[in-house]
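Structure first, commentary second.
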Amino acid sequence: MNPREVVSLGLVAVPLAVAVVGPVVPYDGRTGLPYSSEGVLGTDGLGRDVLGLLLVGGRTALGMAIGAVLLAYLVGGLIGLTAASTRQRWLDEGMMRPLDVLLPLPSLLVISVVAVGWRASAAAITVAVAMMNVPTVARLVRAAALDAASGPVVEALRMQRESWVTIQLGYVGRSVLGPVAADLGTRITLAVFLVASVNFLGLGLSPTAPDWAVSVSRNREGLLLQPWSVLAPALLLVSFTLGFNLLADRLVHRSRRLVESTR
Amino acid sequence: MRSYAAQRAGLAVVQLAVLSVLVFVLTSLLPGDAADLRFTETLTPSQVAALRAELGLDQPPVERFVHWLGNVLTGDLGTSLISGGPVADIVRSSIGATLVLTLATLAIVVPLAVALGIVMGTRENGRVDRAITSVTLALSAIPDFVIAVVLVAVFSLKLGWLPATWIGGSLLSSPALLILPIAVLFGRTVCLLSRQVRAGTVAALNAEYVTQARRLGIPRRQLLLRHVLPNAAVPGVQELARTGDTLLGGVLVVEAIFAIPGFATALVDGVETRDIPTVQGLTLVLAVAALLINLGADLLCNRLVPRSEILR
C-alpha cells in the first residue's frame, strides 16, 4: 500500500465508522438556542446538538446509497452474468433489450415518482436509486463476462471437462470482479450524490431528519452563524465520496497495468 | 451509415412508446391524488368524490391513459389540477430558465473539457497530466449542493458580490445571477468530460493507425486535429449524453437553491401538490429530451467513427 491508498482508505473509513458506530455511541446532546456554540460543534437551526445529529445521521446518508448499489449489483449482475453465459441468443436479447429501452430514463422522473408515492420512505428511495443503476450494471457485467468467457482460458477449461459451475464461478465470475471493483467506487459516489440530492431538495426524508444531506440543506442559512452545522455533515459526505473516487482510480490503474503485463 | 441511422431512430421510437407508458403508469397509479391532498380538511367525503369526478380521477387507469395519450399526440398536455391552466403553459414558462442554465454551462464546459482532455492525454502520466487529474478527481467528488451552499455563503452572504437568489426578470438580462449557478454546475461536468476525452486521446495515440501516420510524416498538429481528435471525441460525446442526466440533476439542485423558476422548480412544485398532469407533462418533456440527446450522441459518434455498432 502506498501513502495515497492509505489516505483514500482513511477518507472512506472515517465517515463509515461514524455512520456505523455513531448510533450506538451513548452521546447525550443537549438542545439549546439555534446556531449557538454550546457543546462540541454547536447547535443547528432547531437548537439541536450538531455532534449528536452527526452520529445518527450517517446511517441514512451512506446506508441508502450503499444499499442501493448492492441491490443494483444483485439484480443487474445476475442479469448480466446470465445474459453473457447463456447460449440462447433469444434469452440474451430478451434480457438486455428492455434495459436498453430504460437507459435514457431520466433519474429525476423516477425520483419524483417515488417522492409522490412513498415520501420519506428510506426503503423506497433506496430501491428507486438501485433500479436506475440496474441497466448500466447489467451492461458492464455482461461485457466483462463475455470478454472472459470468450477467451482461451475458458476454452482450455472446457477441454479439461471442468464443470459449468467451476468455469462460471471459478473463472468468469472472478475475472469480472476487477472491472466491478473499479466501477463500484464511482457508482457508490454517484449513488451518494443522488440520495443526498433527493434529500437535499426535500423530496426524500423528512426535513427534520438527522441525515447529513438534510442537515446541510436545513442549516444552510446558518452557515455563517454556526459553520459546523453545515460543514461537519458536508465534510463527512465529501470525505466518503472523495475516498471512494480515489480508490476507484487506483483500481482502474491497477487492473489496466495487470492487463498490460499479461499481454 | 443510412441504415445505422434508420435502425437507431427505430429504437428511439420504441423507447419513446415505452417511456410514455412508464411516465403515465408510474405517476398515475400512486396512492393519493390532488383531490385528497387539497381539500381533505375542508370538504366532506362526498364533496371530495365530486371533485374527483370533475377532475376525471375516478375513471379506470387504462381509459385515462388512452385519453391522455390521445391528447399528448395532438399536442395537448392536459390541464393543471392546481392552477387550472394548461400544462403546456407551465412547460413553456419554466423551460427557458433551465435551457439558459444548461446551454450556458455546456458552452463553457465542452471546449474547456476537450482542451483539458487533449492536454492531459498527450502528456500521459506526465506532471501536468497528474496535476490536472488529481484536481478533477477531487472536484468531481464534491456534491453540487455542498459547492452551492459554500459559494453562496462566501460570495453572497459574506462578501456580497453576487446575488444569492433570483429576484425576478429575465435570466439573460442579469448575467450576474448566472455566475454562481453556472460555477456550481461547471465543476463536476468538466471533470467527468475531460477524463473521458483524456482516455480517448490516450487510446487513439497508442493506436496503430497513429503510429503509421507518424511514420508517414504527417505533422503533429494535423495528426492531433484530424486523426486523434475524432476518435478521442467518441467517449466524450457518449459521456456528454450520460452527463445530461447528471447535469439535469444538478440543475434541479441549483434551481432550488437559487430560487430560479425553471423546469426543476416546476417539477418539485408539481410533486409537492400532487398535480399529476403537470408532473406527467414535465417528465414526458424531460424523457423526450433525454431520448433525443442520446439519439443525437449516437448518430454523432457514428459520424465521427463509422464503425460503432448499434447499441452495446
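Sorting B:293-304, B:8-19 by their mean Cβ neighbour count within 10 Å, with the most densely packed peptide first, gives B:293-304, B:8-19. Within 10 Å of the Cβ of each residue in A:191-202, the mean number of Cβ atoms contributed by other protein chains is 5.
Each Lys and Arg Cβ is given +1 and each Asp and Glu Cβ -1; about its Cα centre, the range A:119-259 then shows a dipole of about 220 debye. Excluding ligands, DNA and RNA and using a 1.4 Å probe, chains A and B jointly bury around 4200 Å² of accessible surface, summed across both partners.
Other residues within the sphere of radius under 15 Å centred on the Cβ of B:V210, judged by their own Cβ, net out at +3 (K and R +1, D and E -1). For A:V56, the accessible area of its heavy atoms, probed at 1.4 Å with every protein chain present, is near 70 square angstrom. Once the Cβ-Cβ distance of A:E93 and B:A9 is raised to the sixth power relative to R0 = 25 Å, the FRET efficiency obtained is 0.80. Ranked from largest to smallest solvent-accessible area, with a 1.4 Å probe on the protein heavy atoms, B:W68, B:W161, A:W228 come out as B:W161, A:W228, B:W68. Counting charges near B:D129 (Lys, Arg +1; Asp, Glu -1) among other residues having Cβ under 12 Å from its Cβ returns a value of +4. For A:R59, the solvent-accessible surface computed with a 1.4 Å probe is close to 140 Å², ligands and nucleic acids excluded.
Taking the Cα centre of the range A:3-261 as reference, the dipole from Cβ charges on Lys and Arg (+1) and Asp and Glu (-1) amounts to some 480 debye.
Solvent-accessible area of A:V18, all protein chains in place: 40 Å² (probe radius 1.4 Å, heavy atoms, ligands and nucleic acids excluded). The largest accessible area among A:M95, A:M159 belongs to the first residue in A:M159, A:M95, and the rest follow in falling order (1.4 Å probe, all chains). Ordered by solvent-accessible area of protein heavy atoms (1.4 Å probe), largest first, the residues A:Y73, A:Y27 come out as A:Y27, A:Y73. To put it simply, the accessible area of the range B:99-274 at a 1.4 Å probe is 66 percent carbon and sulfur. Per residue, the accessible area of the range B:170-297 comes to 39 Å² when a 1.4 Å probe rolls over the protein heavy atoms. Computed in the context of the full set of protein chains, the accessible area of chain A at 1.4 Å probe radius has 67% of its extent on carbon or sulfur.
Across peptide B:13-23, the average count of Cβ atoms from other chains found within 10 Å of a residue's Cβ is 3. A Cβ-based charge dipole, computed about the Cα centre of the range B:99-274 with Lys and Arg at +1 and Asp and Glu at -1, lands at about 880 debye.
The values are calculated or read from the model by the stated rules, or taken from the named source; none is laboratory data. Everything numeric in this text was worked out from a predicted model, so none of it was measured. So basically every Cβ, Gly included, is an ideal-geometry build from the backbone, and we count neighbours across all protein chains shown. Protein only, heavy atoms only, side chains kept; ligands, DNA and RNA dropped before computing areas. Shrake-Rupley method; radii C 1.70, N 1.55, O 1.52, S 1.80 Å.
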